[in-house]
Amino acid sequence: MSFHAVVIEQTVEKGRIREHRAEVRELEDAWLSASDDTDAGTDDGTDAGTDAGTVALDVTYSGLNYKDALAIAGRPGVARTSPLIPGIDVVGRVAESQDARWQPGDRVLLNGAGLGESRHGGLAERAIVPGDRLVRVPDGLSDRQAAAIGTAGFTAMLSVLALERGDLTPEQGPVVVTGAAGGVGSVAIAVLAKLGFHVVASSGRAESEGDYLRGLGAAEVIDRRELSEPGPALQKRRWAGALDAVGGTTLANLLAQTQDFGTVTACGLAGGSELPTTVMPFILRGVTLAGINSVEQPLAAREEAWARLASDLDPALLDGMTTEITLAEVFETADRLLAGGVRGRTVVRAA
Ligand SMILES: NC(=O)c1ccc[n+]([C@@H]2O[C@H](COP(=O)([O-])OP(=O)(O)OC[C@H]3O[C@@H](n4cnc5c(N)ncnc54)[C@H](OP(=O)(O)O)[C@@H]3O)[C@@H](O)[C@H]2O)c1
């Protein structure tokens, strides 16, 4: 059988991408199995794909994440093999399974686990994925909603869980969310507001997206420039906790402005990968910096986060932050996403 997929083909010399093409192609199923690198591996040295068997999916939806946009635009660091079908998220129905846990017809999702990086990802009508990482789509969520949550929403929930592990409660004071109008930020605001937190949304689009952010539950919206100017390592205590998708000076300022024993989560680098700070917030205020990695989460953590997303994210708010596009539309949308011009979440309909 044939299917459509976005395919990236590129050559890399000395860590630099020399030639890069990204386009929709019609492929045969055999191409997927033959060129699939089911050997993403994990940081703990285990083999993610081959042990437990693979599962073939009829994809219903994928999503467009920041990482996907980087790969599609030919920026380095995401696509680790060529040719590659990008897409770090996939939602679909099991078509064939080499894993006893999964049967044809099961509704499943997968985020990360090497998809769209070291093995073919979700921006296609068909996918072959490792059975041992799959999560059943929670009851009450449609395939489209599961894709709308995607890696961004999953990461937002992992960040919320990290804040909770830091014993953060609404009574302690405001929580700030950076990169607020993006995918991670939008889901984080909706979840934290539903949990009763006073959420402060920090955005470069405070004026144009202010109503949108307040509609998600933000109690206040601030201009991101308030957090992006270099400052001392210890500043006035403003936040009980912080959820950061931006990195760089913004993250340094969040650490400097967080109350004693508060937690700051770091998942992103939309504003930079450096961290210009000192040990002072940690040793004088007991601030915790919690790193968030959505790619290599163990299955139990994936299931916990997805169960919480099903219960703590208002589906109407999720639908309101979602834009749907086709495979052919991912190229233009990827450019706009990298330019910071996409609001909320983008789902990609497979067929
Ligand atoms: N660690 C992980 O496992 C993981 C998982 C998912 C995502 N991430 C990372 O998290 C970040 C956010 O992902 P996303 O899916 O939410 O992306 P997104 O939808 O593109 O949103 C990113 C947001 O960051 C803000 N932003 C963009 N450029 C900026 C700049 N130069 N300075 C300050 N803020 C800027 C914008 O928000 P405003 O317009 O509101 O300012 C933008 O909407 C990305 O860096 C992504 O790679 C990491």
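The values are calculated or read from the model by the stated rules, or taken from the named source; none is laboratory data. Keep in mind that what you see is a predicted model, and the values were worked out from it rather than measured. All Cβ positions, even for glycine, are placed from backbone atoms using ideal geometry, and neighbour counts span all protein chains on display.
Quick look at the values:
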| quantity | calculated |
| --- | --- |
| First in segment 238-253 and in a helix (DSSP H, G or I), second anywhere and surrounded by 24 or more Cβ atoms within 10 Å (Cβ to Cβ) and of a type in the set (D, E, K, R), Cβ under 7 Å, 6 or more apart | T250/D244; L251/D244 |
| Criterion (in the same structural domain as Y212 (by TED's automatic domain parsing), in contact with a strand residue (DSSP E or B) (Cβ under 6 Å, 6 or more places away or on another chain) and small (G, A, S)) met by exactly one of G268, G272, G286 | G286 |
| Complete set of residues in segment 64-73 that are in a loop (DSSP other than H, G, I, E, B) and either without any contact (Cβ under 8 Å) to a residue 12 or more places away in the chain or surrounded by fewer than 22 Cβ atoms within 10 Å (Cβ to Cβ) (or both) | A73 |
| Some residue of segment 204-226 being polar (S, T, N, Q) and within 7 Å of the ligand (Cβ to nearest atom) | no |
| Scan of segment 84-113 for residues that are polar (S, T, N, Q) and either in contact (Cβ under 8 Å) with a residue 60 or more places away in the chain or part of a loop (DSSP other than H, G, I, E, B) (or both), ordered by number | Q98, Q103, N111 |
| Residue pairs meeting the criteria (Cβ under 8 Å; at least 6 apart or on separate chains; first on the phi > 0 side of the Ramachandran plot and in contact (Cβ under 8 Å) with a residue 40 or more places away in the chain, in segment 170-188; second buried (at least 24 other Cβ atoms within 10 Å of the Cβ) and among the acidic types (D, E)) | G179/D244 |
| Test: P76 is surrounded by fewer than 17 Cβ atoms within 10 Å (Cβ to Cβ), modelled with pLDDT under 95 and part of a loop (DSSP other than H, G, I, E, B) | yes |
| Tally, over segment 126-170, of residues that are modelled with pLDDT under 95 and among the basic types (K, R) | 1 |
| Complete set of residues in segment 239-262 that are away from the ligand (no atom under 16 Å from the Cβ) and hydroxyl-bearing (S, T, Y) | T258 |
| Odd one out for V177, checked against (1) over 13 Å from the mean Cα position of the chain (by Cα); (2) under 22 Å from Q10 (Cα atoms); (3) modelled with pLDDT of 95 or more | (2) |
| Residue within segment 134-142 that is of a type in the set (G, A, S), closer than 25 Å to V295 by Cα and touching a Lys or Arg at 6+ places or on another chain (Cβ under 6 Å) present | no |
| Failed condition for E23, given (1) of a type in the set (D, E, K, R); (2) within 14 Å of the ligand (Cβ to nearest atom); (3) at pLDDT 85 or above | (2) |
| When residues of segment 136-174 are limited to those that are over 23 Å from G116 (Cα atoms) and buried (at least 21 other Cβ atoms within 10 Å of the Cβ), the one nearest to the chain's Cα centre (by Cα) | V160 |
